[in-house]
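What follows is a short report on a single structure.
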Amino acid sequence: MRIGVLTGGGDCPGLNAVIRAVTKSLIRQCEAEVVGIEDGFVGLTEGRTRSLEWRTVSGILATGGTILGTSNRVNPLASPAATEAVLAHARALGLGGVVAIGGDGTMSIARGLHDRGLPMVGVPKTIDNDIEGTDRCFGFDTAVAIVTEALERVQTTGQSHGRVMIVETMGRYAGWIALEAGLAGAADVILLPEIDYDIDAVVAVCREREQRQRYTVVCIAEGAKPRGGTLTISHRVPSSPDPVRLGGVGHVLREQLQPHLRSEVRTTVLGHVQRGGSPTAFDRVLATQYGNQAAALVREGRFGEMVTLRGGEYSSTLLTQVAGRNRCVPPGHPLLQCARQIGVSLGEAA
Ligand code: F6P
């Protein structure tokens, strides 16, 4: 049996850990030949592959990025010619299936290719932690750790200079990173895409803290927006099928706040720092288990599924249940309640 492995979408800590585990498990448990597909679905469209052997994947557990390369916002299903190229290359390579490691876009493509006859297994990856059907995507824990450290570090400047320090995190549709890191990093205000913020409420928190504490730390997700306002777009890439690049809402918030405050307001946009480098121990274990589980699905012939972790149990779900959906922070989530109860503002009007 020959099985392909590819990584799609943005890079993420833990991708190499999955590649390592799925390869080793496929070789050991299924006696499979494993083929790495280069640069995600672009490589499959062009038939660019390399052999993945035991020694190729040894020593990569803790490394960042993906040894296979990836492609972002590319959809071979968007054109019949590209779809046919993918299917033809998969046939020519003799692939009995493909393990696709990626985010919501990758899972949607995997589902589409599976429906067109190429057996697919999915592994959920995104630092945003917003893939439907699983409680945890690998990469999220690492991103939360990085943002938490950043919040603690800017607090030092906030205290010393008496400033309002804004930290902008990733999180396009879902605010999981800002919420968990905001709580772990003792942010005073946490602003999420799921709750449009009331600028008067944020001003009130900062003013009140100016009297008592001298400084305020605000953690804001890139997809957050003011009530009645719009998303902050950093720039557009016209040649991309998904041309919008978010970023800069932390600067917008700074401009909104500054006229109302005595303290200087400063913004730090963390950007790709959150996705770079080595995964945490938690993400290494999660990615390893996901890779091993994906190989088990292949062994059992359970294609069309994505591996999951729900309520502490490893399992799987159908790609049809996942594709095209985002798992946002629900209004009644216990962490939102917790934040409110310990006096962290979520930017809600009084
Ligand atoms: O999906 C993860 C994510 O980190 C988003 O939060 C962010 O908007 C996006 O990727 C950025 O991707 P890119 O590096 O392609 O601009």
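Taken together, the values in this text are just the output of simple stated rules run on the coordinates, not laboratory data. Here the structure is a predicted model, which means the values were calculated and not measured. With ideal geometry, Cβ positions are generated from the backbone for all residues, glycine too; neighbour counts draw on all protein chains shown.
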Ordered by packing density, taken as the mean number of other Cβ atoms within 10 Å over each peptide's residues, highest first, how do 316-328, 280-292, 136-148, 33-45 rank?
136-148, 33-45, 280-292, 316-328
Mind giving me the FRET efficiency for Tyr314 and Thr156? R0 is 41 Å, r the Cβ-Cβ distance, nearest 0.05 is fine.
0.55
If each residue of separation counts as 0.36 nm, what is the full-extension length gain between Ser239 and Thr56 once their alpha-carbon separation is subtracted?
62.4 nm
Under the 7 Å Cα-to-Cβ spin-label approximation, Ala350 and Glu264 lie apart by a distance in nanometres of 2.9 nm
How are the Cα pair distances of the chain distributed, in percent, across 10 Å bins from 0?
6, 25, 30, 20, 12, 5, 1, 0
Report Rg(Cα)/(2.2 N^0.38 Å) for the range 1-114, keeping two decimals.
0.99
To the nearest 10 degrees, the tilt of helix 140-161 (Cα long axis) against the first principal axis of the alpha carbons of the chain is 20 degrees
Rounded to 0.05, the calculated FRET efficiency for the beta carbons of Ala184 and Asp115 at R₀ = 30 Å is 0.15
Net charge dipole size for the chain [Lys, Arg +1 and Asp, Glu -1 on Cβ; Debye, nearest 20]
380 debye
Sorted by mean Cβ packing within 10 Å, highest first, what order do the peptides 223-231, 193-201 take?
193-201, 223-231
Can you find, among Gln341, Gln274, Thr288, the residue sitting farthest towards the positive end of the charge dipole of the range 266-350, where Lys and Arg contribute +1 and Asp and Glu -1 at Cβ?
Gln274
Here, Glu31 and His272, labelled 7 Å along Cα→Cβ, have an inter-label distance in nm of 4.4 nm
Return the Rg/Rh ratio of the range 144-274 with Cα-based radii and a Kirkwood Rh.
0.97
Between Val164 and residues 5 or more places away or on another chain, the pairs with built amide H atoms under 5 Å apart involve Thr216, Glu264, Val265, Arg266
Sorted by chain and then number, the residues having a modelled amide H within less than 5 Å of the amide H of Val121, at least 5 places away or on another chain, are Val98, Val99, Ala100, Gly304
Computed FRET efficiency, Cβ-Cβ of Gln211 and Val285, R0 35 Å: what is it to the nearest 0.05?
0.15
Connecting every pair of Cα atoms under 10 Å apart in the chain and solving the GNM, the largest mean-square fluctuation among Gly276, Gly332, Gly304 falls on Gly332
Within the chain, percent of DSSP bridges classed antiparallel, to nearest 5
30 percent
Karplus (6.51, -1.76, 1.60) ³J(HN,Hα), θ = phi - 60°, over the range 304-315, in Hz, Gly and Pro reported as x
x, 10, 10, 6, 9, 10, 10, x, x, 9, 7, 7
Helix 199-212 axis, angle to the chain major axis (alpha carbon atoms, nearest 10°):
60 degrees
Percentage of interatomic Cα-Cα distances in the range 45-84 larger than 16 Å:
55 percent
Length gained if Arg91 through Gln337 is fully extended, taking 0.36 nm per residue and subtracting the Cα-Cα distance, is 83.4 nm
In whole Hz, what ³J(HN,Hα) sequence does the range 13-28 give by Karplus (6.51, -1.76, 1.60; θ = phi - 60°), x for Gly and Pro?
x, x, 4, 5, 5, 5, 4, 4, 5, 5, 5, 4, 5, 5, 5, 7
Given the range 1-41, report the % of alpha carbon pairs whose separation exceeds 11 Å.
63 percent
Any chance you could run the full-extension gain for Asn326 through Arg48? It's 0.36 nm times the residue separation minus the Cα-Cα distance, nm to one decimal.
97.0 nm
